[in-house]
Structures are given as C-alpha cells and as structure tokens.
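The values are calculated or read from the model by the stated rules, or taken from the named source; none is laboratory data. Bear in mind that the values here come from a model prediction, so they are computed numbers and not experimental data. Using ideal geometry, Cβ is built from the backbone for each residue, glycine included, and neighbour counts are taken over all protein chains shown. Accessible surface is based on the protein model in full, side chains and every heavy atom, while ligands, DNA and RNA are left aside. Shrake-Rupley method; radii C 1.70, N 1.55, O 1.52, S 1.80 Å.
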Amino acid sequence: MKELRLEAEAPVETFSTPRRLAVRIAHIAERQADLEELLMGPARRRSVQAGGEATPAAAGFARKHGVEVAASNA
C-alpha cells in the first residue's frame, strides 16, 4: 500500500487461518498521494544547438516524458 501511495484512514485488521490471510481496511483514501519527481535530462551543452534549437537528445528526452520541447525550455 505504501508503494502505491495509498493511505489507510482507519486501523487495518488482519485475519488468518493456516491457509489464508485476509486484511480488512474500513476506510482508504480515494486518491493516491501526489508524487513529485525531479528528472535530470541531458546536459545543456548537449541539448541546445548553436541556433537555440533542441538537439535530438533533448527532443528524445522530452518525448520520453510526454513533454513538448518548447515547454521543457522553461
């Protein structure tokens, strides 16, 4: 649950038999907690050409993370 960023809003109860394990969570968060990540792209000297245009390395990094190259210049 922690790996999925889901918090239990009530105590967690566990039950077990020799062959089964059960968990009861009365209340669980409706949404995952927000996740903030810092992604390091290619070095600036490898990502911008002399004319200010993005290199294929910068374009590939932006495409991989679903961002347009113009938006990643901010």
Can you tell me, using C-alpha contacts under 8 Å and at least 6 residues apart, the relative contact order of the chain as a whole percent? 19 percent
Simple spin-label model, 7 Å along Cα-to-Cβ: Met1 to Arg31 in nm? 2.0 nm
Packing-ranked peptide list from 13-19, 59-65, 26-32, highest mean Cβ count within 10 angstrom first, is 59-65, 26-32, 13-19
In the stretch 1-51, carbon and sulfur make up what percent of the accessible area (probe 1.4 Å)? 50 percent
Listed residue (Leu35, Ser16, Phe61) projecting farthest to the positive dipole end of the chain, Cβ model: Phe61
Keeping every protein chain present and rolling a 1.4 Å probe, give me the accessible area per residue for the chain in Å². 94 Å²
Amide H neighbours of Val48 under 5 Å, counting only residues 5+ apart in sequence or on other chains, H built in-plane at 1.01 Å? Thr55
Once you charge only the Cβ atoms, +1 for Lys and Arg and -1 for Asp and Glu, what is the size of the charge dipole of the stretch 5-66 about its Cα centre, to the nearest 20 debye? 440 debye
Calc'd 3J(HN,Hα), the stretch 44-54, phi into Karplus 6.51 cos²θ - 1.76 cosθ + 1.60 (θ = phi - 60°), Hz, glycine/Pro = x, comes to 4, 5, 9, 10, 10, 7, 4, x, x, 7, 6
